[in-house]
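Worksheet: the structure to be examined is printed underneath.
The values are calculated or read from the model by the stated rules, or taken from the named source; none is laboratory data. Just so it is clear, the structure is predicted and the values come from calculations on it, not from any experiment. Positions of Cβ are backbone-derived with ideal geometry, glycine not excepted, and every protein chain shown enters the neighbour counts.
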Amino acid sequence: MIDSIPALMVVLPLMAGVITVFTGKGDKPWAWATAITGIVFAMSIALLAEVTAHGPVTYNFGNWPSQYGIAYTIDAMNGFVLFVVSLIAAVTTYYSRLSVKDEIPNDRLHIFYALWLLTICGLLGITITGDTFNVYVLLEISSLTLYALIAMGYRRDRRALTASLRYVILGSVGASFLLLGIGYLMMITGTLNMVDMHDRLQVLIHNDEYSRTIMVAYAFLLVGLSLKLALFPLHMWLPNAYTYAPSAVTGLVAATATKVAVYMTIRFLFGIFGRDFSFGAVESSDVLLTCAGLGVLYTGIQAARQNNVKSVLAWSSLGQIGYIVIGFSLNNENGLTGSVVHILNHALIKGGMFLALGCVAYRLGGTRLTHLKGLGRKMPWTMAAFTAGGLGLIGFPLTGGFIGKWYIGLGALDAGNWLILVVIMLGSLLAVIYVFRVVYAIYFGEAEPDSVHATEAPASMVVCTWILIGMSLVCGLWSEWSVDLAANAAKAMLAGFGGAH
Amino acid sequence: MLNLLVIDGVLLFLVTITALAVIEMRNLFAVTMLTGVYSLLMAAVWTNMHAVDVAFTEAAVGAGISTILILGTLVHVGVKERRREKSLNLSALLIVTLTGGALIYGTLDMPAFGDPEAPVQTHRFQKLFDQNVGKVPVTDTHHVEAVAHGAEQHGGEQHGAHEDEFHGHVYNTVTSLLADYRSFDTMFETAVILSAGLSMIMLLRRRSDEEIEAATQRTERVDPDTIKTERMDPKTTQTVRVDSPPGSDSSGADKKLAAEIAEAVDSAEQIQHDAPEETDKGDQV
Amino acid sequence: MKNMEDQVVLRVFSKIMIPFIIIFGFYVITHGELGPGGGFQGGVILASAFILYGLVFGKDQLAEAAPPRVVEGLAAFGVLLYSGVGAWCLLAGGNFLDYSYIIPPAEGAVIPHLDGGAEIWGMILVEYGVGITVCTVMITVYNMITEEAEA
Amino acid sequence: MDLHTYSVVAMAIPLLGAAAILAFGRWPNLREGATLLTAAALLAVVSCGIAPLVLVDGFWTGAWEAPAFELIHMVPDLALSFKIEPLGLVYALVASSLWLMNSVYAIGYMRGNKEEHQTRFYLCFAVAMFSVMGIAFASNMFTLFVFYEVLTLSTFPLVSHKGTPHAVRSASTYLGILVFTSVCLLLVGVIATAVVTGGAENGYAGLDFTRGGVFLNYLNEGGDVAKGIVGLLFILYIYGIGKAALMPSHRWLPAAMVAPTPVSAFLHAVAVVKAGVFSVLKITVYIFGTGTLAAISGTDWLIYMAGFTIVVASFIAMFQDNLKRRLAYSTISQLSYIIMAAGLATLGGAVAPIAIMAGGMHIIAHAFGKITLFFAAGSIYTAAHKTDVSQLDGIGRRMPWTMAAFAIASLSMIGVPPTAGFLSKWYLLSGALTSADGGGTLSTVQWYAVVVIFLSTVLNAGYFLPIVHRAFFRPLSADAEAHPHGEAPKPIVLALCCTAVGTVALFFCSDLAVALVEQLQAGFPSSLVNGGF
């Protein structure tokens, strides 16, 4: 059974998701989903331990050799991302019981949790797979289910439909670009397996064969992935989708979906095309750094202008994605380590903060700035979590957010790029502004008449919020383990295909 | 060969004409019919390329069932497309042209159609077509060294020499690819279909009576502020329209049972209301 | 749609056609490994029979012939059948979806069923999984679209 | 107890105090008792526990070489670790002794003015003191940066205490400038230091404060850094430490004047600005090393800028009618003495130890003088509700204790013996008049420093003495006659008298202070200038 963990990581949520349709009403779908995500999380830890100890693991579906069938390949990089995704999935699922009951019509909770598990299955599958077309198929599952989950909206907020529709359109454009890119690559390499494709591509690039096709495939993949990870200026789908989605869904999506897209980008740029091509033959570094740098500044300003706190966090997510993109675009070990470790830290921080907002929404029925005024006394634990998360977003030392920025900063100087370092710092400054606006309202604002009687959110919700925020603090203080994992991943990625050679 | 090229040319011409007509037509009923025609023509193209399975699917799904489903949608949406204010969106045209241009540029280096020397033919797939791929002995599968080692020696060859050679044979290569070698993908494709169905159920199913009751109780806690229409910054989120005229969903009305039901209906109307504009923006990307 | 039920020719012709469409759908699913076709195409063809029934005889008749709850359950069942085949192979000792194990191997065999017989069984089962899901989802989509119209 | 372990005790005390204050929030007497007890305990630990250990003869070869107390190790170069050294002890001693005074004073002031949110007030004070101890005993640049930021954040609620829109706006200016400079300049400098000096991963000192300076050691070990980079980093550090209020980043200091007087005293004397200049001294000595800076010989700008700040801020102070604003500009001017000392130290050679001693002394002298002045200003506000200099005619007769203390502190500011201010100015002057290369010639910039010191003494007298004159030698105005008032509440008077006495006492019994700064001098490596470039 241990050997089958790679398959079960994805198959289990899939089958469980389908079975959820039959679980009936009440808390049963939730309990079922919680159990499954818990098991998946445990498996991800086992897998990560195995990969760290003994190197990459491969699983062949249908027992066909990986070049013919579909293979999962888990190395230090995706082992780490799997851990992040399944951790967030487990916590948000446990959290979701009351919040989802409150926001989703109760006659379709089983459908909701079925889609929820399928989303998780898709995200895990994208991360774990070693097959490029499999990436696309699982991307479809995760996207399609996410569109629906987001469209449900916070208490069927109709703006969620518009937001979701925009996500559908841009997401589909992104996915089809990916498909075109993968198709072109398949056409000239004759394979879909990532390791194999990498080997073949290196030979082709070296011999200068099919160079125009490779170039076009690269361009399409890069644009498609940028859409999926919401890189400025292709970010338009994200803010409203996060703002109007149900609270628990926002928590799950914000912490995982874009992270998985980032992982895919790193995998394609470093793992499949190889850094010599991605940052040598085509100088994508400058383009990516420009987009991400401008994005950090622009989204920071936007975040400071929002009145819905969920919106603030959504815009801030875009900025944080910018940091991650900056990190790997620097094309050196420190930068990439920073990116990878920031995937974890930002997932924890942003997940926790959105869950905290979910608590607010549960008690007050909204997450506008006016709702949060004076909540520091009414919901001390939730608000403390939010504040701690906010410090993380700023990148305050001793929080998880700082570690990633530190390494990205080191990477920037290793690359001799002082300008981007200044941009990162200006971004942090904007983060200070938008976080401080909210925190000030929380602790120094006068409570609105409607929220005078608000009390602390239910324990289960607060505990989940604190698990994520607490972990982000732990990752900020005792960060060696996460940085070591990230550095391993970075080394593996820089070496071409995750250490398979 | 020449005959095939002529047929291809004619089909391509017809496909292009149909596509342009779909774009230009304002009567959605006619557009639906034309998409059916388009799919049928495409099925012919696939057949011409010897991709019979694809052609079959295109005919069944594209020309058949999706036409019916689009018609079903038209019942809600109506058959008239609203006039657009700007007939030609230059930036969208530019981006679409660039994308198309890039795709064509990429084909310049591609192996010719049906070229027996193409990597797809020579690299791995010859063995797939011959269905002569050996399975990996179970005991070797779990560490990448074994597989990487296999990759260096050109895949399954050492397995082919293995005494446990696999002799499975399926007449339709496409099916063997879809349902055997890559059946894991196909499983997820099926799951994609299922999630589409589940999404439809979740978003469109009418609420049961008990649910409506529960919702009414819940709305008493809803703060009016959340329902207020929030205008986003026009510069950054150009495509967000105000979803409904101000005041139409005031807090008082929302508490009423009727409003709850109306909301469900509205949500469907909402899609129709926004769809054309959103699609516009989608083209620009 | 109401007046469609009054069209006698349509009704009679549909009644004759529908059984043939259904049989053809099953044929396409079953014979996927021999000729063109498979679960996707066959499922769609099956669904078109039901949708035709619904169009001509009305929604209520369709709901009677294919109750929505059953249809939705079957949609999930299809995927479950597919992944169940995979899981069965896994439990039998092989990798996920290794059809060689679909019939439990003889004692001591390193790789069982190398003649491909088990492979065929696996394919047919999963093709039926696909077919069931595709067919029922199409019907569900049709149901959902028409449901809103009459609400 | 091991010396470096003491640092954690010194930090734990204010933190425990904060917890006690929070717990006793509902009982004001208990709460204030907790504050006083904490302050007293802290002073006891720092002066009786730590100081003797630092003053032993073999400190630099013994205790200093012992490994730092590492609280948390995150990743290479990033660790929260603490180490006690003479410069930090100077700062810790000043802060802990003045915190006790300030607490006594604050109790009188807050009760006298019936301020709200007192629990939050004392809580933030305790947390700020916690970060002060962290800054004082930080053993690497990262730890210093962390506590520097904690100090900024924990003082924000203090500055915006009144909660009026004006107060909040001013507090935002305060926070904005300090955070902007520290994040965009200081943090960039810190990251760059880790990169250009090799980093801990490669076996170098990384960000750890090192005797002689991280850069100097790196260069001596065969490292290579461009002179331009070192110069640039020095600029980043100096302006990144916004709390040092070197022009033009001084704007936050006048803005913070909206705070209650105990807070102003805390900002100007006890903690915040001192954290700034202390950090400047510390990075000059332990990060760059005066030898390195002397070798790049591009740091004259710092002395020019400090001199400019001294003179200009003094001029501005002269025309401020609001007493607290006048004091604020005086602080800006006085801080630049310390920065000038750091600047002189960068000339290297024999100047450096004397200049650093002068800087250390001036931290002490200015702290005692300025806290007395602010106490007096608050005392006047509490008793007479007067805020402007022009309202102070004849007030010395009604508030003799307050104005006497004010006069003594003013003399210290000007640098008249027998006050502490004289000592520090003496050191500074002798630093400026010492030749760097031992040949007896002074550079232009040193002459400039001498001129600035004399000019500023005149200016100081120009804006302090008129106040004293008004208070004692002018008749009471008609308006004041109509509103009789007496001395301020007893805790206030007690506190300000203590600090005034302290100002004088430091002149006569300067043993401890002098011993400390001499210990600091002893810590300078014998070979200061090394041609590593």
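Is it true that some residue in the stretch D:168-177 is small (Gly, Ala, Ser), in a helix (DSSP H, G or I) and buried (at least 23 other Cβ atoms within 10 Å of the Cβ)? Give the derivation first.
Kept after step one, since they are small (Gly, Ala, Ser), are these residues of the stretch D:168-177: D:170-172, D:176.
Next, from what is left, pick out any that are in a helix (DSSP H, G or I): D:170-172, D:176.
Filter again for buried (at least 23 other Cβ atoms within 10 Å of the Cβ), leaving D:171.
Looking for residues that are small (Gly, Ala, Ser), in a helix (DSSP H, G or I) and buried (at least 23 other Cβ atoms within 10 Å of the Cβ), one finds at least one in the stretch D:168-177, hence yes.
Just checking, how many residues over the stretch A:389-405 are more than 19 Å from residue D:180 (Cβ to Cβ) and either surrounded by fewer than 22 Cβ atoms within 10 Å (Cβ to Cβ) or within 12 Å of another protein chain (Cβ to nearest Cβ) (or both)?
Filtering the stretch A:389-405 down to residues more than 19 Å from residue D:180 (Cβ to Cβ) leaves A:389, A:392, A:398-400, A:403-404.
If we keep only those that are either surrounded by fewer than 22 Cβ atoms within 10 Å (Cβ to Cβ) or within 12 Å of another protein chain (Cβ to nearest Cβ) (or both) as well, we get A:398-400, A:403-404.
Here the count works out to 5.
From the list A:351, A:335, A:358, A:376, the one residue that fits, being buried (at least 24 other Cβ atoms within 10 Å of the Cβ), in contact (Cβ under 8 Å) with a residue 24 or more places away in the chain and farther than 19 Å from residue A:255 by Cα, is A:335.
Residue-wise test of (1) more than 14 Å from chain B (Cβ to nearest Cβ); (2) under 28 Å from residue A:33 (Cβ atoms).
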{"site": "A:277", "(1), (2)": "yes, no"}
{"site": "A:292", "(1), (2)": "yes, no"}
{"site": "A:297", "(1), (2)": "no, no"}
{"site": "A:301", "(1), (2)": "no, no"}
{"site": "A:310", "(1), (2)": "no, yes"}
{"site": "A:344", "(1), (2)": "yes, yes"}
{"site": "A:353", "(1), (2)": "yes, yes"}
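If you scan the stretch A:233-257, which residues turn out to be away from chain B (no Cβ under 11 Å) and part of a loop (DSSP other than H, G, I, E, B)?
We begin by selecting, within the stretch A:233-257, every residue away from chain B (no Cβ under 11 Å); these are A:241-242, A:245-257.
A:245, A:246, listed by residue number.
Criterion applied to A:133, A:83 was being among the aromatic types (Phe, Trp, Tyr), part of a helix (DSSP H, G or I) and at the interface with another protein chain (Cβ under 7 Å from one of its Cβ atoms), and the one residue passing it is A:133. For the stretch B:54-94, the set of residues classified as more than 10 Å from every other protein chain (Cβ to nearest Cβ) and farther than 27 Å from residue B:29 by Cβ consists of B:90, B:91, B:94, listed by residue number.
Residues that are more than 10 Å from chain B (Cβ to nearest Cβ), assigned to a helix (DSSP H, G or I), out of contact with any Asp or Glu (no Cβ under 9 Å at 6 or more places or on another chain) and under 13 Å from residue A:269 (Cα atoms) are absent from the stretch A:185-196. Among the residues of the stretch D:60-71, those identified as surrounded by 15 or more Cβ atoms within 10 Å (Cβ to Cβ) and either within 14 Å of chain A (Cβ to nearest Cβ) or under 16 Å from residue D:524 (Cα atoms) (or both) are D:60, D:63, D:64, D:70, D:71.
Each residue in the stretch D:360-419 was checked for being in contact with an Asp or Glu (Cβ under 7 Å, 6 or more places away or on another chain), closer than 16 Å to residue D:261 by Cα and surrounded by fewer than 18 Cβ atoms within 10 Å (Cβ to Cβ), and 1 pass. Taken over the stretch D:1-28, residues that are surrounded by fewer than 18 Cβ atoms within 10 Å (Cβ to Cβ), among the small types (Gly, Ala, Ser) and closer than 12 Å to residue D:127 by Cβ amount to 1.
Contact annotation: residue pairs with Cβ atoms under 8 Å, 6 or more positions apart or on different chains, pairing a residue in the stretch A:434-445 that is in contact (Cβ under 8 Å) with a residue 40 or more places away in the chain with a partner that is of a type in the set (Phe, Trp, Tyr), are A:434/A:315; A:438/A:386; A:439/A:386; A:442/A:386. Checking each residue in the stretch B:108-141 for being facing another protein chain (nearest Cβ under 7 Å), out of contact with any Pro (no Cβ under 8 Å at 6 or more places or on another chain) and modelled with pLDDT of 80 or more picks out B:108, B:109, B:110.
Scanning for something within 7 Å of chain B (Cβ to nearest Cβ), without any contact (Cβ under 8 Å) to a residue 24 or more places away in the chain, aliphatic (A, V, I, L, M) and in a helix (DSSP H, G or I), does the stretch A:152-165 turn up at least one residue? For the stretch A:152-165, residues within 7 Å of chain B (Cβ to nearest Cβ), without any contact (Cβ under 8 Å) to a residue 24 or more places away in the chain, aliphatic (A, V, I, L, M) and in a helix (DSSP H, G or I): present. Flag not set for residue A:80, criterion: buried (at least 24 other Cβ atoms within 10 Å of the Cβ), under 14 Å from residue A:25 (Cα atoms) and either of a type in the set (Ser, Thr, Tyr) or within 22 Å of the chain's Cα centre (by Cα) (or both). Confirm whether residue A:345 is within 21 Å of residue A:230 (Cα to Cα) and assigned to a loop (DSSP other than H, G, I, E, B). When the stated conditions are applied, residue A:345 does not pass them. Just one of the numbered conditions (1) in a helix (DSSP H, G or I); (2) among the hydroxyl-bearing types (Ser, Thr, Tyr); (3) touching a helix residue (DSSP H, G or I) at 6+ places or on another chain (Cβ under 6 Å) is not true of residue A:23: (1). Of all residues in the stretch A:361-368, at least one satisfies being outside any helix (DSSP H, G or I), touching a Phe, Trp or Tyr at 6+ places or on another chain (Cβ under 9 Å) and modelled with pLDDT under 95. I'm trying to understand the selection: among the residues of the stretch A:204-231, which are surrounded by 23 or more Cβ atoms within 10 Å (Cβ to Cβ), more than 7 Å from chain B (Cβ to nearest Cβ) and not in a helix (DSSP H, G or I)? Listed by number, the residues that qualify are A:230, A:231.
Could you run through the stretch A:99-113 and say how many residues are among the aliphatic types (A, V, I, L, M) and within 9 Å of another protein chain (Cβ to nearest Cβ)? Talk me through it step by step, then tell me what you get.
Initially, the stretch A:99-113 is screened for residues among the aliphatic types (A, V, I, L, M), giving A:100, A:104, A:109, A:111.
Still in the list and also within 9 Å of another protein chain (Cβ to nearest Cβ): A:104, A:111.
Of the residues in that region, 2 qualify.
Checking each residue in the stretch B:1-32 for being within 19 Å of the chain's Cα centre (by Cα) and farther than 30 Å from residue B:115 by Cβ picks out B:22, B:23, B:31, B:32.
Restricted to the stretch A:54-72, and to residues there that are away from chain C (no Cβ under 14 Å) and crowded, with 24+ Cβ neighbours inside 10 Å, the residue that is farthest from the chain's Cα centre (by Cα) is A:67.
Working only within the stretch A:370-388, note down all residues that are more than 10 Å from every other protein chain (Cβ to nearest Cβ) and more than 23 Å from the chain's Cα centre (by Cα). Steps first, please.
Start the filter on the stretch A:370-388 by keeping residues that are more than 10 Å from every other protein chain (Cβ to nearest Cβ), which leaves A:372-388.
Once the filter is applied, which keeps residues that are more than 10 Å from every other protein chain (Cβ to nearest Cβ) and more than 23 Å from the chain's Cα centre (by Cα), the stretch A:370-388 yields A:372, A:373, A:374, A:375, A:376, A:377, A:378, A:379, A:380, A:381, A:383, A:384.
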